[in-house]
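**Student:** The following block contains the structure, expressed as structure tokens.
The values are calculated or read from the model by the stated rules, or taken from the named source; none is laboratory data. This is a predicted model, so every value here is computed, not measured. In this analysis, Cβ positions are derived from the backbone assuming ideal geometry, glycine residues included, and neighbour counts consider all displayed protein chains.
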Amino acid sequence: MFACIHTPQLPPDVSLREFAYGFSPVVEETRADTVVIDVDGCELLFGSAYQLANQIAARAKAARLRGGFETTVNVAIAANPDAAIHAATRLKGITFVSPNEELTCLGDFPLDHLDCSLVNVEKKVANEILETLGLWGIRTFTDLASLPTTGVSERLGQTGIRLQQLAAGKTDRQLRVKQPEPVFANSVELEHALSELEPLSFMFARLLHQLCGALNAYALATNELCVTMQLEDQSTHERKLSLPYPMRDHKVFLKLLLLDTEMHPPQAAVRAISISCDPVKPRVLQNGLFVPLAPAPDKLELTLARLAKLVGEENVGSPTLLDTHRPDAFTMKRFTLQMADSRKRSKTSKNQSPVIANRQCLGFRMFRPPLRAIVEADQGWPTQISAWGKQRSVYGKVVNLAGPWRTTGDWWREDQWARDEWDVTIDRQGQQSVYRIYRELDSKNWFVEGNYD
């Protein structure tokens with residue numbers, strides 16, 4: 001059985017669909033002022049179908065504080081949803097249409113009351129058919145339903161058959177239920193404030209399990225988790241976990257969240273927790289048969305989180321050069337993998353000139369820390385170098401050099417720099433290597449910064 005709810009005067013700030021969800025979870029919103037609900041199985045809550053219709057009408061008249069919207073509605077109960085729609089939109093009050101008795105209630109309706117959109121018939125086509133029926137002397141639903149089916153099919157086609165079934169209340173269709181928008185967020189309010197990590201972990205696990213279940217249901221993943229904690233001192237503690245790879249494993253999320261909470265604990269006990277995420281499509285990769293397997297993204301992210309806890313977040317990541325001339329000036333940023341388009345990459349390599357493609361560059365190996373050196377200089381030019389360290393040593397005669405290049409900067413800061421740099425070729429027992437050395441202008445000390453490979 002189906003119940004249609006129609007109101008001629010719907011308040012602008014009222015959703016009839018939300019009102020209908022109070023009686024059944026299966027709701028079709030035909031129009032803004034008309035909805036159809038499936039009442040099968042509602043007998044245990046509301047009694048018979050007629051009792052349900054009376055409760056719908058009574059609740060609609062109730063005040064808004066009691067779940068109503070203070071207006072009258074038309075309610076029709078029928079075995080066919082389209083018959084219920086026609087009865088509710090044309091008859092006032094409560095109407096009960098018995099099964100196989102649809103024409104008893106709807107038969108006297110004129111044909112211009114036939115809602116052709118219910119059977120997906122365009123308005124222009126429907127007007128042409130109704131005009132033809134008017135020429136035949138067909139005026140009501142009963143007249144159209146009494147025509148022979150074979151004759152209607154021969155003269156009006158399948159569209160005429162669908163309109164005849166609609167007039168007779170014999171259409172066979174399912175309700176067009178509108179699925180609610182998925183919400184990837186969960187929250188919980190605690191009876192008692194929690195200040196220790198272990199009881200918080202149980203709440204985190206519960207919310208993350210629900211969140212990942214919703215992601216799995218829609219075949220989605222996430223690369224960002226937003227955690228909000230309402231604290232006992234009325235403040236808010238917010239954390240955002242950005243993941244370089246879309247995932248949906250609640251166990252990995254729990255470990256990452258616990259590590260982050262240990263590094264950034266809330267300042268007071270927690271009264272409420274809310275976790276949300278931005279859903280994205282999961283990344284699907286197919287490894288080559290003869291390509292060695294790379295580390296699993298979730299295990300790699302968990303390892304990086306543990307390292308960040310041990311050495312600090314500012315010491316884990318990918319080095320990025322700073323916009324300055326200061327030597328060896330860099331910062332650490334979070335590592336993100338940039339996936340380049342293989343087609344663009346191949347096109348660029350084809351259009352690249354042979355000179356650029358075959359150009360060779362020397363790699364530079366930085367010594368950390370630089371080696372303190374003793375340099376013999378003839379009129380300011382290095383001629384002999386001796387530098388010793390725990391892991392390496394550099395000594396020999398300078399056979400070739402380039403420089404000096406003087407760099408200075410940040411004179412207004414305590415860590416200003418000013419030095420002269422050379423690239424030198426050192427001969428040591430017949431083997432030659434290229435190094436970069438520099439001299440600090442303020443202390444006159446020499447250092448070996450690294451070598452070229």
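**Student:** Could you list, in sequence order, the residues of segment 102-156 that are outside any helix (DSSP H, G or I) and hydrophobic (A, V, I, L, M, F, W, C)?
**Tutor:** Correct list: F109, L114, V121, W136, I138, L147.
**Student:** For segment 169-283, list the strands (runs of 3 or more DSSP E) that sit wholly inside it and hold at least 1 residues that are buried (at least 17 other Cβ atoms within 10 Å of the Cβ) and free of Cβ contacts under 8 Å to residues at least 60 places away in the same chain; which are they?
**Tutor:** Fully inside segment 169-283 and qualifying: 221-231, 236-247.
**Student:** Would you call A62 among the small types (G, A, S) and without any contact (Cβ under 8 Å) to a residue 12 or more places away in the chain?
**Tutor:** In short, yes.
**Student:** To continue, here is another question. Return yes when N451 is surrounded by 17 or more Cβ atoms within 10 Å (Cβ to Cβ), of a type outside the set (D, E), part of a strand (DSSP E or B) and at pLDDT 85 or above and no when it is not.
**Tutor:** In short, yes.
**Student:** I374 versus (1) under 17 Å from N445 (Cβ atoms); (2) free of Cβ contacts under 8 Å to residues at least 60 places away in the same chain; (3) not polar (S, T, N, Q): which is the lone unmet condition?
**Tutor:** (2)
**Student:** With (1) among the aromatic types (F, W, Y); (2) within 28 Å of G317 (Cα to Cα); (3) touching a Cys at 6+ places or on another chain (Cβ under 7 Å) as the list, and F204 as the residue in question, which single condition is left unmet?
**Tutor:** (3)
**Student:** Related question: Just to be sure before I move on: is F23 surrounded by 13 or more Cβ atoms within 10 Å (Cβ to Cβ), at pLDDT below 90 and part of a loop (DSSP other than H, G, I, E, B) in the structure I sent? Spell out the reasoning first.
**Tutor:** On the way: surrounded by 13 or more Cβ atoms within 10 Å (Cβ to Cβ): yes; at pLDDT below 90: yes; part of a loop (DSSP other than H, G, I, E, B): yes.
In short, yes.
**Student:** Looking at segment 377-418, which of the residues that are touching a residue at least 40 places away in the same chain (Cβ under 8 Å) and part of a strand (DSSP E or B) is nearest to N451 (Cα to Cα)?
**Tutor:** Pass one, segment 377-418, residues touching a residue at least 40 places away in the same chain (Cβ under 8 Å): 382, 385, 387, 394, 407, 409-410, 417.
Imposing the further condition that a residue be part of a strand (DSSP E or B) reduces the set to 382, 385, 387, 394, 407, 409, 417.
Values: P382: 16, I385: 14, A387: 13, V394: 10, T407: 19, G409: 24, W417: 21 Å.
Looking at the filtered set, the residue picked out is V394.
**Student:** Does A87 qualify as being assigned to a helix (DSSP H, G or I) and either in contact (Cβ under 8 Å) with a residue 24 or more places away in the chain or touching a Gly at 6+ places or on another chain (Cβ under 6 Å) (or both)?
**Tutor:** Here the answer is yes, as A87 does meet what is asked.
**Student:** Only one of (1) at pLDDT below 85; (2) assigned to a strand (DSSP E or B); (3) of a type in the set (A, V, I, L, M, F, W, C) fails for F69. Which number is that?
**Tutor:** (2)
**Student:** Within the set of pairs 6+ apart or on separate chains, which have a first residue in segment 307-319 that is more than 20 Å from M366 (Cβ to Cβ), a second that is outside any helix (DSSP H, G or I), and C-beta atoms under 6 Å apart?
**Tutor:** Correct list of pairs: L307/V316; A308/V316.
**Student:** If you check Q416 against the conditions, is it of a type in the set (S, T, N, Q) and within 27 Å of H325 (Cα to Cα)?
**Tutor:** Answer is yes for this residue.
**Student:** Of the residues that make up segment 182-196, is at least one charged (D, E, K, R) and over 30 Å from L231 (Cβ atoms)?
**Tutor:** No, there is no match, as no residue in segment 182-196 is charged (D, E, K, R) and over 30 Å from L231 (Cβ atoms).
**Student:** If you don't mind, another one. Quickly run through segment 400-417 and pick out the residues that are loosely packed, with under 11 Cβ neighbours inside 10 Å and over 15 Å from D328 (Cβ atoms).
**Tutor:** Scanning segment 400-417 gives W411, W412, R413, E414.
The rows are residues; the columns are (1) at pLDDT 85 or above; (2) β-branched (V, I, T); (3) in contact with a Cys (Cβ under 7 Å, 6 or more places away or on another chain).
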{"position": "Q352", "(1), (2), (3)": "no, no, no"}
{"position": "M366", "(1), (2), (3)": "no, no, no"}
{"position": "A373", "(1), (2), (3)": "yes, no, no"}
{"position": "Q379", "(1), (2), (3)": "no, no, no"}
{"position": "V398", "(1), (2), (3)": "yes, yes, no"}
{"position": "W417", "(1), (2), (3)": "no, no, no"}
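**Student:** So, one more: Among the residues of segment 264-275, is any under 27 Å from the mean Cα position of the chain (by Cα), within 21 Å of F184 (Cβ to Cβ), modelled with pLDDT of 80 or more and of a type outside the set (A, V, I, L, M, F, W, C)?
**Tutor:** yes
**Student:** Still on this structure, please answer the following. Could you say whether any residue in segment 103-122 is over 25 Å from D13 (Cα atoms), among the hydroxyl-bearing types (S, T, Y) and assigned by TED's automatic domain parsing to the domain that holds E29?
**Tutor:** The answer is yes; a qualifying residue exists.
**Student:** Could you check, for segment 245-255, whether at least one of its residues is aromatic (F, W, Y) and at pLDDT below 85?
**Tutor:** The answer is yes; a qualifying residue exists.
**Student:** Of these, P110, P11, which one is under 41 Å from the mean Cα position of the chain (by Cα) and more than 21 Å from Q174 (Cα to Cα)?
**Tutor:** On the way: P110 fails: under 41 Å from the mean Cα position of the chain (by Cα).
Residue meeting the stated conditions: P11.
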